[in-house]
Amino acid sequence: MIKAEKFGICNGQQVTAYTLYGKKCEFTVMDYGATLVAVRVPDKNGVFKDVLLGYDSIEDYVNNDGYFGASIGRVANRVGGAKFTYLGKEYDLFANDGLNSLHGGKCGFDKKIWKADIVGDSVIMTYTSPDGEEGYFGELQVEAEFKIVDDCGVSITYTAVTDSESAVNLTNHAYFNLNGEGNGDILGHYMQINSSCITEIDSALIPNGRYIDVINTPFDFNKLKRVGDEVNAKDAQLEYAGGYDHNFVLDRKSDDGLAAVTVGDLSGIVMKTFTNQNGLQFYCGNFLDGKKGKGGKIYNKRCGLCLEAQSFPNALNVENFGKPIIRAGETYRNEIKYVFSVERA
């Protein structure tokens, strides 16, 4: 079942929220920014918890940064120097992260009102980004499909096509706290990531093309360990970002695309992250600064974590990463699933 409700008005346009109900979970997504608003799943005691950070009103989503639950594009993550060169031509982007461009620029896909339709058991949202928007070339037609899978899972599938050529790297910027949003930090959460290396960053958090083996470093999550165990270790990579905010290069250990496993230490809620992408940005909320979220709860530093499946950051400027460019006749596709279960008390 899918229920549509008015969520508010943005720039004179009605914003609508859609709640999808499954056998064991429910989640809400709105057409402003194709944004996840809530994810409600049962904990080890059968009590439903909203495990997604966010706001109660459209005004708060519009007036606050943080990208809570938003669909990110045209190019997710950071582009160093807010520019890139393709086929000998330099393209200038909007610098909204120091000297760099972040998550699509000044007015990315997270700030657009998408067209939404209920199709069967899915909500499908579409947006057409015109040639030249935010400095990117080529018209890009984007679709985001949201549905419940595996009885207790959120599936997001992004596809995109272009009329000529276009850069594209889409993701979702959901912040999770598996103990319940607003219920303390996530440092006690356990994390496992199927990755043998990360992409090295500089002091501006820009990948430079080099890789770092995670073995014997704070970035080794190949076995479950607490997020907080080494987040403050003396390590240049951690010091640059104030904690984890790094692209993990995913190892394909299974055909189902399992990328990470996260466990809420108090709730017993387990979240498995699946994707067809090669990169997973693990961010542990280092820059959250006391925003007032749902129900007036305060979101302080490290009270939520993000697992953003995507192409490698700054790939437009790093040849060996492979430029995230599609051409006419090609279809970009990013499949993301967050599947929930519980560890019994």
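So, in the range 328-345, exactly how many residues are basic (Lys, Arg) and in a loop (DSSP other than H, G, I, E, B)? Residues that pass the stated criteria total 1. Of the residues 185, 220, 256, the single one that is open to solvent by 40 Å² or more (accessible area, probe 1.4 Å) and modelled with pLDDT under 95 is 256. In this entry, residue 50 is excluded by the filter for residues that are open to solvent by less than 20 Å² (accessible area, probe 1.4 Å) and not aromatic (Phe, Trp, Tyr). Condition first: in a helix (DSSP H, G or I) and out of contact with any Phe, Trp or Tyr (no Cβ under 6 Å at 6 or more places or on another chain). Can you find one or more residues in the range 244-255 that meet it? No, that holds for no residue.
When the range 230-268 is filtered for residues that are among the acidic types (Asp, Glu) and free of Cβ contacts under 8 Å to residues at least 60 places away in the same chain, the ones remaining, listed by number, are 230, 235, 239, 245, 251, 255, 256. With respect to (1) surrounded by 14 or more Cβ atoms within 10 Å (Cβ to Cβ); (2) within 18 Å of the chain's Cα centre (by Cα), the lone exception for residue 94 is condition (2).
Per the listing 323, 297, the residue uniquely under 24 Å from residue 208 (Cα atoms) and among the basic types (Lys, Arg) is 323. Exactly one residue among 240, 244, 190, 211 is modelled with pLDDT of 95 or more, open to solvent by 40 Å² or more (accessible area, probe 1.4 Å) and under 20 Å from residue 278 (Cβ atoms), and that residue is 211. When the range 69-91 is filtered for residues that are crowded, with 16+ Cβ neighbours inside 10 Å and not in a strand (DSSP E or B), the ones remaining, listed by number, are 69, 70, 73, 74, 76, 77, 80, 81, 82.
The numbered conditions (1) in contact (Cβ under 8 Å) with a residue 60 or more places away in the chain; (2) in contact with a strand residue (DSSP E or B) (Cβ under 6 Å, 6 or more places away or on another chain); (3) more than 30 Å from residue 264 (Cβ to Cβ) are all true for residue 93 except (1). Can you say whether residue 178 is surrounded by 19 or more Cβ atoms within 10 Å (Cβ to Cβ), within 21 Å of the chain's Cα centre (by Cα) and at positive phi, as far as the supplied structure shows? Taking the combined requirement at face value, the residue does not satisfy it.
Matching residues to (1) outside any helix (DSSP H, G or I); (2) closer than 29 Å to residue 48 by Cβ; (3) modelled with pLDDT under 95; (4) open to solvent by 20 Å² or more (accessible area, probe 1.4 Å):
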position: 266; (1), (2), (3), (4): yes, yes, no, yes
position: 274; (1), (2), (3), (4): yes, yes, no, yes
position: 280; (1), (2), (3), (4): yes, yes, no, no
position: 285; (1), (2), (3), (4): yes, yes, no, no
position: 295; (1), (2), (3), (4): no, yes, no, yes
position: 307; (1), (2), (3), (4): yes, yes, no, no
position: 313; (1), (2), (3), (4): yes, no, no, no
position: 316; (1), (2), (3), (4): no, no, no, no
position: 326; (1), (2), (3), (4): yes, no, no, no
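On the given criteria, is residue 330 touching a His at 6+ places or on another chain (Cβ under 8 Å), in contact (Cβ under 8 Å) with a residue 40 or more places away in the chain and under 21 Å from residue 145 (Cβ atoms)? No; evaluated as a whole, the condition is false for this residue. Selection over the range 103-142 of residues that are closer than 15 Å to residue 162 by Cα, crowded, with 19+ Cβ neighbours inside 10 Å and without any contact (Cβ under 8 Å) to a residue 40 or more places away in the chain gives a count of 1.
The values are calculated or read from the model by the stated rules, or taken from the named source; none is laboratory data. In this text the structure is predicted, and so the values were computed from the model without any measurement. In this analysis, Cβ positions are derived from the backbone assuming ideal geometry, glycine residues included, and neighbour counts consider all displayed protein chains. Ligands, DNA and RNA are excluded from the accessible area calculation, which covers all protein heavy atoms including side chains. Shrake-Rupley method; radii C 1.70, N 1.55, O 1.52, S 1.80 Å.
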